[in-house]
Amino acid sequence: MRVMAIVVRIIHQFFRDKRTLALMIVAPMFVLLLMDFVFNGEKYTPVIAVSDNVPDAVVDKLKEAGANVKELSAKQARKQLDDQEIDAWLNMNGSAPHITLEGSDPTANQAALATVQKAFQSMVPTPSFQLKTTYWHGSSDMASFDYFGPVLIGVFIFFFVFLIAGVSFLRERTNGTLERLMATPLRRWEIVAGYMIGFGLFTTVQASLISWFAIDVLDMMMEGSFGYVLIITFLLAMTALALGMLLSAFANSELQMMQFIPLVVIPQVFFSGLFNLDTMEEWLRSLSVVMPLTYGANALRDIMVRGQGWSTIAADIYVLLGFTVLFMVLNVVALKKYRKL
């Protein structure tokens with residue numbers, strides 16, 4: 001009977017916390033639905049540019065092999081390789097084909113190489129040709145970890161800062177610290193700014209140490225400036241900090257704060273670049289524009305793998321700044337439930 005009393009109490013507790021009960025069912029189905037969209041997407045179609053000296057017969061075979069083919073000059077091809085608008089550029093050195101791969105995405109590299117090889121092999125049954133391959137970014141020695149590493153740096157920084165900030169700010173509220181602050185002459189925006197700066201000092205150290213460890217200790221590929229990496233990781237951390245503080249206002253316990261992870265963090269991981277977005281449906285890809293982690297991971301990959309500078313990552317920086325300011329403003333608004341001024 002005493003055991004049954006505990007069982008009944010637990011059941012009543014779950015039914016009183018309807019959000020926990022719903023998330024136990026809805027969250028796993030939501031994540032599985034996202035995984036279905038990601039892993040059951042379309043086959044990747046490489047975009048291959050060809051020079052004007054590539055025979056029409058080769059172009060036809062490339063199209064038959066499933067490639068999206070466009071004709072570009074060497075200058076145009078270099079620009080589009082830089083902008084990641086094409087996966088490869090094919091030209092002919094005499095009778096020998098030469099392919100230049102964009103190089104930063106192993107999936108795109110393999111698809112482009114396989115398509116070109118298939119096209120030539122269908123013309124020459126016994127492979128007597130030698131396909132010369134060069135890489136615009138990266139190299140043939142680039143490991144998968146070098147490609148996924150920058151994204152993982154962004155994911156881990158975002159996840160842990162979001163979680164720690166949310167739980168810490170929740171404790172400030174449940175312990176009465178926030179209530180005492182709200183009783184002082186401090187304005188709401190001053191409280192938010194103070195918490196952002198205070199927590200931000202520690203998140204900056206965390207982001208810097210994670211970046212240093214990945215690049216110097218784990219020897220992750222680093223083609224660009226380490227200073228730019230620190231800027232991006234700092235902005236990612238500040239965005240996660242502001243978002244964690246904001247959502248903690250809608251949680252009454254640490255368990256409820258954890259419940260935001262499958263709804264807020266996990267979807268961002270799917271759109272961060274760990275999986276190729278080009279294989280997803282267009283409507284699904286459009287969701288990435290509201291994911292802060294997408295911009296941070298994209299900028300980190302541009303810096304570390306492609307060696308790009310300010311002109312390339314500036315837009316991502318401005319978007320992350322915008323997200324941070326937006327979440328801070330919403331934090332100020334959320335504090336209205338505790339004090340109007």
Within the chain, helix-based [θ] at 222 nm, where runs of 4 or more DSSP H residues each add -39,500 (n - 2.57), nearest 500: -20000 deg cm²/dmol
Inter-part distance where segment 260-287 and segment 295-333 are each reduced to a Cα centre, Å: 17
Local electrostatic count at TRP89 - Lys and Arg +1, Asp and Glu -1, tallied over other residues with Cβ under 13 Å: -2
Cα-centre dipole for the chain with unit charges at Cβ (Lys and Arg positive, Asp and Glu negative), debye to 20: 1940
Per residue value of the accessible surface for segment 237-331 (all protein chains in place, 1.4 Å probe), Å²: 37
Cα lying deepest toward the dipole's positive end in the chain, options THR100, GLY307, LEU201, charges on Cβ: LEU201
Residue-by-residue Karplus 3J(HN,Hα) for segment 190-195, coefficients 6.51, -1.76, 1.60, Hz, glycine and proline x: 5, 5, 4, 4, x, 5
Karplus-derived 3J(HN,Hα), 6.51/-1.76/1.60, for each residue of segment 74-83, Hz, glycine and proline x: 4, 5, 5, 5, 4, 5, 6, 5, 5, 8
Unsatisfied cross-links (Cα-Cα over 19 Å) in the set LYS43/LYS118; LYS43/LYS63; LYS43/LYS75; LYS79/LYS132: LYS43/LYS75; LYS79/LYS132
Cβ-placed point charges (K, R +1; D, E -1), dipole of segment 47-135 about Cα centre in debye, nearest 20: 220
Values of log10 I(q)/I(0), in the order q = 0.11 Å⁻¹, for segment 47-135 under a Debye, Cα-only, solvent-free model: -0.25
Heavy-atom accessible surface of segment 47-135: percent carbon and sulfur, 1.4 Å: 47
Spacing of the two label points (7 Å from each Cα toward its C-beta) at VAL205 and LEU218, in nm: 2.2
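Calculate the FRET efficiency for GLN117 and ARG285 from the Cβ-Cβ distance with a Förster distance of 35 Å, rounded to the nearest 0.05.
0.75
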Span from the segment 145-160 Cα centroid across to the segment 242-259 one, whole angstrom: 23
Over segment 47-135, relative contact order from alpha-carbon pairs under 8 Å, at least 6 apart, %: 32
Length added when fully stretched, LEU326-SER51, from 0.36 nm per residue minus Cα-Cα: 94.4 nm
Relative contact order (%) - the chain, alpha-carbon pairs under 8 angstrom, separation at least six: 20
Descending principal axes extents, the chain, alpha-carbon based, whole Å: 80, 51, 36
From phi via Karplus (6.51, -1.76, 1.60), per-residue ³J(HN,Hα) for segment 253-268 in Hz, x at Gly/Pro: 8, 5, 4, 5, 5, 4, 5, 6, 4, x, 8, 10, 8, 4, x, 5
Förster radius 22 Å - calculated FRET efficiency between ILE261 and ARG173, Cβ distance, rounded to 0.05: 0.70
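The values are calculated or read from the model by the stated rules, or taken from the named source; none is laboratory data. The model shown is predicted, which means the values in this text are computed figures rather than measured ones. Note that we place each Cβ from the backbone using ideal geometry, even for glycine, and neighbour counts take in every protein chain shown. The protein model used for the area step is the full one, side chains on, heavy atoms only, and it has no ligands, DNA or RNA in it. Shrake-Rupley method; radii C 1.70, N 1.55, O 1.52, S 1.80 Å.
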